[in-house]
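The values are calculated or read from the model by the stated rules, or taken from the named source; none is laboratory data. If you're wondering where the values come from, they're calculated on a predicted model, not measured in any experiment. In this analysis, Cβ positions are derived from the backbone assuming ideal geometry, glycine residues included, and neighbour counts consider all displayed protein chains.
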Amino acid sequence: MKIKYLFILFLIAFQLKAQKGVRYDLHVRDTIVNFSGKEKRAIAVNGQIPMPTLTFTEGDIAEIYVHNELKKETTSMHWHGLFLPNKEDGVPYLTQMPIEPGTTHKYTFPIIQNGTYWYHSHSGLQEQIGLYGLFIINKKKDDSTIRKGIDDLPTIPVILSEWSDLKPENIQRMLHNANDWFAIKKGTTQSYAEAIKQGHFSTKVTNEWKRMNAMDVSDVYYEKFLLNGKNEQQLSDFKPGSKVRLRIANGGASSYFWLTYGGGKITVVASDGNDVEPVEVDRLIIAVSETYDVVVTIPENNKSFAFLATAEDRTGSASLFLGNGEKQPVHHLSKLKYFEGMKMMNDMMKMNGEMNDMGMNMSLNKMDMNAVMYPEISGEDENAKPAMDHSNHNMEGMKMESDSTETSEL
Ligand SMILES: [Cu+2]
């Protein structure tokens, strides 16, 4: 009996020794940034926005020291999508006390999964002004799920976000008031003047008559969209013609992004940290807090193509140029056709505000607003190059049919 227990103890001790503690120190500090031409307050970790990419291997023990060096604010860190003991989850007043200024908090947990994740502050609205970063977990060397040609590719961490010169607290207040300020900034008020200019006077009148609001696909205006904390960036140290894996997280506060690549197809290989059957797409949309792993090809010599993240409302984008040569022209997504969307909304409603048959089809997902609002689908894209779209759902009775339902179910 005793010998058996000793043996088990020995095994446990051996196991513990085999697990590697991996330490990171995060120094949280007040900082000043200038993303838009104006100096604004933000929060940086180790002097940078976004926070550093934390990389682990499954089986490691994470030891993350958060040093709160802010002047007067508390902080906390939440590890988005990770399986861990509840007390390490980073939610102030729920799983821990807030980290007071001038103090250090140690998070430690075993890494029992792999994939692409991210982490962010869970205090106040600190995430919006800098406290977001990638959390990457590689597979163990002997993991049977390792995929040749995917898991052995060089990795490029990509974290998306946006910047507003307004304080996040003000944005929150404005959203509660539901005023038109952001729509004015974005040029999406759909005024009568605009309606007349675009030949949609009667659409606008009907819209007002039915007391519906102007069309929009997002609520906040941002001065800049960022990819790894920059609006534009170039990586030129990869072998021309080779493949790379982008580990992408959307660390934005409210923006969905369309992802496109000038250098060819995008192969999606993982979603929210889980491997998926690889699928080739022309583009995909990433929601707030989602992650995707994609594989793209580095261009041949003397060229570089943009990996583009375009805000869903198309008011702006951020780009990562891949390749060692001249930047090739970027194919931007054209402006949305709001009046066409408005017209469709009108057509769905009876005068008394009830839905008609068309409205029913819409709610049953048989039709898609994108089909009329996205110029590249409706076939009136002034930015030339027709791009096959993989975003739309089934659209019975519409002039365009989705050719790739399997893609849209990613
Ligand atoms: Cu989160």
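Of note:
- Of everything listed in (1) more than 30 Å from TYR222 (Cα to Cα); (2) buried (at least 17 other Cβ atoms within 10 Å of the Cβ); (3) not hydrophobic (A, V, I, L, M, F, W, C), the single unmet condition for THR57 is (2).
- One residue alone among ILE150, ILE112, ILE136 is part of a loop (DSSP other than H, G, I, E, B), within 18 Å of ALA62 (Cα to Cα) and touching a residue at least 24 places away in the same chain (Cβ under 8 Å), and that residue is ILE112.
- The set of residues from the range 104-142 being within 12 Å of the ligand (Cβ to nearest atom) and within 15 Å of the chain's Cα centre (by Cα) comprises TYR117, TRP118, TYR119, HIS120, GLU127, LEU131, TYR132, GLY133, PHE135.
- Count of the range 291-326 residues which are of a type in the set (Phe, Trp, Tyr) and farther than 30 Å from GLU277 by Cβ: 0
- Within the range 16-44, if we keep just the residues that are at pLDDT 95 or above and within 30 Å of ASP143 (Cβ to Cβ), the residue that is surrounded by the fewest Cβ atoms within 10 Å (Cβ to Cβ) turns out to be GLY21.
- Within the range 164-183, the presence of a residue that is more than 27 Å from SER236 (Cβ to Cβ), within 16 Å of the ligand (Cβ to nearest atom) and either in a loop (DSSP other than H, G, I, E, B) or in contact with a Lys or Arg (Cβ under 6 Å, 6 or more places away or on another chain) (or both) is excluded.
- Lone unmet requirement of (1) at pLDDT 85 or above; (2) in a helix (DSSP H, G or I) for GLY124: (2)
- Whether a residue is among the hydroxyl-bearing types (Ser, Thr, Tyr), surrounded by fewer than 18 Cβ atoms within 10 Å (Cβ to Cβ) and more than 16 Å from the ligand (Cβ to nearest atom) was assessed, and THR95 does not pass this test.
- Long-range neighbours under 9 Å by Cβ, at least six apart or interchain, first residue under 12 Å from GLY241 (Cβ atoms) and touching a residue at least 24 places away in the same chain (Cβ under 8 Å) within the range 294-311, second among the small types (Gly, Ala, Ser) and in a strand (DSSP E or B): ILE298/SER304
- The sole residue among ILE111, ILE129, ILE184 that is under 30 Å from GLU277 (Cα atoms) and out of contact with any His (no Cβ under 7 Å at 6 or more places or on another chain) is ILE111.
- Condition check for ASP89 on (1) away from the ligand (no atom under 16 Å from the Cβ); (2) among the charged types (D, E, K, R); (3) more than 21 Å from the chain's Cα centre (by Cα): one failure, at (1).
- Extreme residue, surrounded by the fewest Cβ atoms within 10 Å (Cβ to Cβ), among residues of the range 67-86 that are within 16 Å of the ligand (Cβ to nearest atom) and among the hydrophobic types (A, V, I, L, M, F, W, C): PHE83
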